[in-house]
Amino acid sequence: MTEKKITVLYVDDEENNLFSFKATFRIKYNVLTALSGDEALKILAEKPVDIVITDQRMPEMTGVEFLEKVLQQFPDPMRILLTGYADMTAVIDAVNKGKIFHYLAKPWNEAELDETIKSAYAKYLEKAELKDINEKLEVSNDQLEFLLRQKLLS
């Protein structure tokens with residue numbers, strides 16, 4: 001059985017960064033790219049994505065604003081923020097508002113970003129497993145409640 005490729009959506013308003021990211025990671029991951037937050041939200045609505053990586057400084061919508069929307073509309077993917085500026089306010093906002101998994105400085109280091117993607121995916125799988133267990137528990141509780149009601153009625 002072949003292992004599922006991790007799907008990563010990389011959002012950056014600089015096309016050269018998108019090309020660079022895709023060239024670096026396309027063999028290892030299923031890479032999707034978007035030039036804006038709005039474009040990325042459309043992709044998220046159409047395709048399942050495991051990890052979202054976004055630049056902070058973009059026109060129209062900052063990385064934090066985008067991650068807030070991702071969290072509201074698509075809470076499952078893990079979120080990573082990249083910023084080329086030592087902007088601690090943005091990082092704090094990303095943690096508090098966008099519930100990011102990790103923050104990395106630009107220009108990114110390939111090995112560090114690769115490790116962050118792997119760690120984020122491990123956490124993604126952990127969350128998915130917990131969600132599945134909780135759903136099964138809910139069904140079990142509903143079935144138990146039904147059986148108890150049947151006993152009480154008979």
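The values are calculated or read from the model by the stated rules, or taken from the named source; none is laboratory data. Only a predicted model underlies this, so the values are computations on that prediction, with no experimental measurement involved. Note that we place each Cβ from the backbone using ideal geometry, even for glycine, and neighbour counts take in every protein chain shown.
Structure notes:
- Residues of region 10-39 classified as under 17 Å from Leu125 (Cβ atoms) and buried (at least 17 other Cβ atoms within 10 Å of the Cβ), total: 1
- Within region 40-57, if we keep just the residues that are among the basic types (Lys, Arg) and surrounded by fewer than 16 Cβ atoms within 10 Å (Cβ to Cβ), the residue that is modelled with the highest pLDDT turns out to be Lys42.
- Residues (within 14 Å of the chain's Cα centre (by Cα) and charged (D, E, K, R)) located in region 15-64: Lys47, Asp50, Asp55
- Among residues of region 64-82, those that are of a type outside the set (Phe, Trp, Tyr), in a helix (DSSP H, G or I) and surrounded by 21 or more Cβ atoms within 10 Å (Cβ to Cβ), counted: 3
- A residue that is in contact (Cβ under 8 Å) with a residue 60 or more places away in the chain, closer than 27 Å to Glu126 by Cα and of a type outside the set (Phe, Trp, Tyr) occurs nowhere in region 56-65.
- Some residue of region 83-97 being surrounded by 13 or more Cβ atoms within 10 Å (Cβ to Cβ), of a type outside the set (D, E, K, R) and in contact with a Phe, Trp or Tyr (Cβ under 7 Å, 6 or more places away or on another chain): yes
- Counting only strands (runs of 3 or more DSSP E) that fall entirely inside region 1-63 and contain at least 1 residues that are within 17 Å of Ala105 (Cα to Cα), the qualifying elements are 7-11, 51-55.
- Cβ separations smaller than 6 Å between residues 6+ apart or across chains give the following pairs from region 96-123 residues that are modelled with pLDDT of 95 or more to residues that are among the acidic types (Asp, Glu): Tyr121/Asp50.
- Selection status of Ser119, surrounded by fewer than 13 Cβ atoms within 10 Å (Cβ to Cβ) and among the polar types (S, T, N, Q): no
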